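Notes follow once the structure below has been shown.
Each reported figure results from applying straightforward, stated rules to the coordinates on display, with no laboratory input. Since this is a predicted model, take the numbers as computed values, not measurements. Note that we place each Cβ from the backbone using ideal geometry, even for glycine, and neighbour counts take in every protein chain shown.
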Amino acid sequence: MGYMGHDDRVWCLNALTGKELWHYDYQATARMKNEPGSGAYNGPHAAPTISQHRIYTLSRDGRVNCLNTDKGELLWTRDLAADQQAKPPECGFAGSPLVLGDAVIVSVGSAGTALDAKTGKTIWDSGAEMAGYASPTLIADAAGIGHLLFFGAKTLVCVNPIDGKQQWAFPWPTKWGVNVAEPIGIDDGVFISSAYDQGCALVELSTGKLLWQNKLLGTQASPLLLHEGAVYGFSNYIDSSMKGMTLICMDGAKGTEYWRRRGMGGQMILADGKLVMLLADGELVIANATTRDYVELARARVQEPEECPVPPALANGHLYCRTGKGVLRCFDVSPLPTRKE
């Protein structure tokens, strides 16, 4: 996804060569009215979602598009900001769509909107109240029952995924409504974290009751990772200098710290029991996901220092890293062939 003058653009590239196969443009707002200029960039804030040969996108001004994967042809489109009079967050809508069965669910409204995945018709919505920036998240309880969670600007809301009826709401008022990182399920709890001195908390999945809360981990725009009960996250605001940024490893159920590594901030994913981190200073770092201590395995500079809240992507031995200016690089990280004697 990107922005081309007056339009958002969806690209489809050959994964091995980077050659463009097709692109689709649609008119969209570059930036929202009164959006802060510091650290902001033009264009969409939500990654596309692919399901059943369809691609779903959400623009920062509330337009949902459905394209086919073969040629990028438009199947349907909805302008939810106009249809529902939904209030966008200060920096625009940002959560990636979530496909559940025959529905595609987006973070428009404080507790989301569900559309028919084939037609775009509204199944249910939560009105016009302001959403947060996180993607809709489905978490199953011990009985296998799914709970659909949304971050609004001031609350964490749990709804029934079938009809959108609210099950509970937990107050989580973060400065400027910046609730970005998706909630993660830990046993029968929901772990959440936000920056601006808000910190983190664990609430009960079935009721929304607070189990504990502290200031140990406050993530801004990078995802939280869960591995063998441990939560990993970058704490404090992301900027190109990484001043004050810290990588935290903590017990997600108890809220206690295992270890921390200062001077690290950016984006990361989990693969093969390892943290794959694209730092704001342009370095790619791989470390073991372990509670014992920070153990770094490899480090290399892959781009110039540049803020870009886009995690790397890993597929078929290839790692894709994108800069804030739209440069996409592909690295071969497949295992080296075994040497024959």
In nm², what is the average projected area of the convex hull enclosing the Cα atoms of the range 167-218? 3.4 nm²
From the Cα gyration tensor of the range 116-168, with a ≥ b ≥ c the square roots of its eigenvalues, which class applies: rounded if a/c is under 1.5, or else prolate if a/b is larger than b/c, or else oblate? oblate
Take the alpha carbon atoms of the range 132-183, find their center, do the same for the range 280-337, and report the distance between the two centers in whole angstrom. 29 Å
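Once you have the alpha carbon radius of gyration of the range 1-91, what is it after dividing by 2.2 N^0.38 Å, with N set to its residue count? Present the calculation step by step, with values, prior to reporting the outcome.
Numbers: Rg = 13.8 Å, N = 91, 2.2 N^0.38 = 12.2 Å.
For the range 1-91, the normalised Cα radius of gyration is 1.13.
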Net charge within 13 Å of Leu205 by Cβ-Cβ distance, Lys/Arg positive one each and Asp/Glu negative one each, not counting Leu205 itself? -3
Taking the chain as a Gaussian network, Cα atoms linked when under 10 Å apart, which of Ala143, Ala128, Ala253 shows the biggest mean-square fluctuation? Ala143
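In percent, what relative contact order does the chain have, based on Cα pairs under 8 Å that are 6 or more apart in sequence? Don't skip to the end; give the middle numbers.
On the way: 911 pairs, mean separation 24.3, N = 341.
In percent, rounded to a whole number, it is 7.
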Running Debye on the range 56-123 with equal point scatterers at the Cα sites and no solvent, what base-10 log of I(q)/I(0) appears at q = 0.11, 0.12, 0.21 Å⁻¹? -0.23, -0.27, -0.82
Based on the Kirkwood radius over alpha-carbon pairs, what value in µm²/s does the Stokes-Einstein equation return for the translational diffusion coefficient of the range 1-159 at 25 °C and 0.890 mPa s? 153 µm²/s
Mean-square fluctuation check for the chain, GNM, Cα pairs under 10 Å: which of Asp125, Asp116, Asp83 is largest? Asp83
When all alpha-carbon pairs of the chain are counted, what percent fall beyond 38 Å? 13 percent
For the range 166-322, take every pair of Cα atoms, bin their distances at 10 Å starting from 0, and report each bin as a whole percent. 11, 41, 34, 12, 1
Convex hull over the alpha-carbon atoms of the range 67-194: what's its volume per residue in Å³? 112 Å³
Whole-percent pair-distance distribution, where bins are 5 Å wide, for the alpha carbons of the range 142-233: 3, 14, 26, 27, 19, 9, 3, 0
Can you give me the pair-distance distribution of the range 179-263, C-alpha pairs, 5 Å bins, whole percents? 3, 17, 28, 27, 16, 6, 3, 1, 0
Value of D in µm² per second that Stokes-Einstein yields for the range 256-341, Kirkwood Rh from Cα pairs, at 4 °C (1.567 mPa s): 93 µm²/s
